1. Once you list every other residue whose beta carbon is under 15 Å from the beta carbon of VAL31, what net charge do they have if Lys and Arg are +1 and Asp and Glu are -1?
2. Specify whether the C-alpha gyration tensor of the range 45-116 places it in the rounded, prolate or oblate class, a ≥ b ≥ c being the square roots of the eigenvalues: rounded for a/c under 1.5, otherwise prolate if a/b is larger than b/c and oblate if not.
3. Take the alpha carbon gyration tensor of the range 229-288, find the square roots of its eigenvalues, order them as a ≥ b ≥ c, and report rounded if a/c is under 1.5; if not, report prolate when a/b exceeds b/c, else oblate.
4. Tell me, in nm to one decimal, what length is gained between ARG284 and GLU194 on full extension, where the rule is 0.36 nm per residue of separation less the Cα-Cα distance?
5. Any idea what the dipole of the range 1-98 comes to, in debye rounded to 20, about its Cα centre with Lys/Arg Cβ at +1 and Asp/Glu Cβ at -1?
6. On the full set of protein chains, 1.4 Å probe, figure out the accessible area of CYS188 and give it in Å² to the nearest 10.
7. Could you tell me how many degrees, from 0 to 90 and to the nearest 10, lie between the Cα long axis of helix 168-178 and the main elongation axis, the longest principal axis, of the Cα atoms of the chain?
8. For the chain, what number of Lys pairs, 8 or more residues apart or on separate chains, have alpha-carbon atoms under 29 Å from each other?
Amino acid sequence: MSRTEAPPLPEPLRVPVADSHTHLDMQDGTVEEGLARAAAVNVTTVVQVGCDVKGSHWAAGTAAAHPSVHASVALHPNEAPRIVHGDPEGTARQGAREPGGKAALDEALAEIDALAALAHVRAVGETGLDFFRTGPEGVAAQEESFRAHIEIAKRHGKALVIHDREAHADVLRVLADAGAPERTVFHCYSGDAEMARICAAAGYFMSFAGNVTFKNAQPLRDALAVAPTELVLVETDAPFLTPAPYRGRPNAPYLIPVTLRAMAEVRNTDEDTLAAAVYDNTARAFDF
C-alpha cells in the first residue's frame, strides 16, 4: 500500500459529528471534494484553522463560502518567532524571510484581530507554545503572541484554540495569568490524565486527534478516559496525525469516524452517544 494513497472511506457514523480542527488548505483535492467525502460519512461540520496571516484570510474566506465550515484565525506558535527573528532556512510555507522585529509581529497580530471580528470566524487559534520546534531564542516572541491572541479572543468573544507541544506547564501558566477566554480548546490534546483533570477543573475543552489510536499513546488514552464527556471534542488536524491503521498516510475530515470509534472504546461507550455529545460540545465550544 502506497504511503501517499488516501485511506478508504470508513463506514458512516449514524449520528452527525464535527471535525473541530482541520487544515483543508494543506489537503489534496478541492474544498468541495473534501467536504463531500466528509458528509458521506456524516462528518457534517469542520473548523478550518489558519496558522499564519495568509492561511487565516483563506480560512475566513472559505468559511464565508461554505455553511459547513467555521474559521479559526491565528499566528501559529512557530510563526511568531519566524516573523520576529526571520526564517533564513525557509522552514514555513512562505519560504525564506528576513527578521521583521516586534513591528512585524504587531502588524500581523493586527490582521488577525481584524479577521477575528468577522461573524463566520468562530475562534482565535491555533496559538499557544511549542518548545519542540522553537528553541529558547523564540520563547519570548511565542509568549507575547500567545498573550495577544488571548486578548483578541476575549475582546471579540471568540473561542481560543490552543497548540501546546512540550509546553504544558507554561501554557497552563499563561492561561491562568492572562485569564483564559470563556471557551478554550486544547487542540490535539497531548497531556496526561493529571493534566486532563486540571483542564477539566478550568472548564477547558480537550480535542483528541488520530494519535490517540497510536500504540505508544497510552497516556493520551488515560487522559481521554478521565476527561468529562461535556468537554471532549474530536479532530483530524488533517493532513497530519492519521489514525491507525492508516498512520503515515494522508489524513482528511472523512477519517473522523475511525478516531471517534477508537475513542468510544476507550471511554467504554457506544459511538452514537459519543458522536452526539461531541457534536454538541463542538457547537458549544465554537458557538455555531
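The values are calculated or read from the model by the stated rules, or taken from the named source; none is laboratory data. Treat the numbers as computed from the prediction; the structure is a model and nothing was measured. Here the Cβ is made from the backbone with ideal geometry for all residues, glycine too, and neighbour counts use every protein chain on show. Note: accessible area is taken over every heavy atom of the protein model, side chains too, but ligands, DNA and RNA are not part of it. Shrake-Rupley method; radii C 1.70, N 1.55, O 1.52, S 1.80 Å.
1. Details: positive: ARG37; negative: ASP19, ASP25, ASP28, GLU32, GLU33.
Value of the local net charge: -4.
2. On the way: a/c = 3.12, a/b = 1.97, b/c = 1.58.
It is prolate, given that a/c is not under 1.5 and a/b is the larger ratio.
3. On the way: a/c = 2.69, a/b = 1.37, b/c = 1.96.
Oblate, since a/c reaches 1.5 and b/c is not below a/b.
4. Details: separation 90, 0.36 × 90 = 32.40 nm, distance 2.45 nm.
So the chain would gain 30.0 nm between ARG284 and GLU194.
5. Details: 7 positive and 12 negative charges, 30 e Å.
Here the size comes out at about 140 debye.
6. Using a 1.4 Å probe on the heavy atoms, I get roughly 20 Å².
7. That works out to roughly 60 degrees.
8. Numbers: LYS54/LYS102; LYS54/LYS154; LYS54/LYS158; LYS102/LYS154; LYS102/LYS158.
Total qualifying Lys-Lys pairs in the chain comes to 5.
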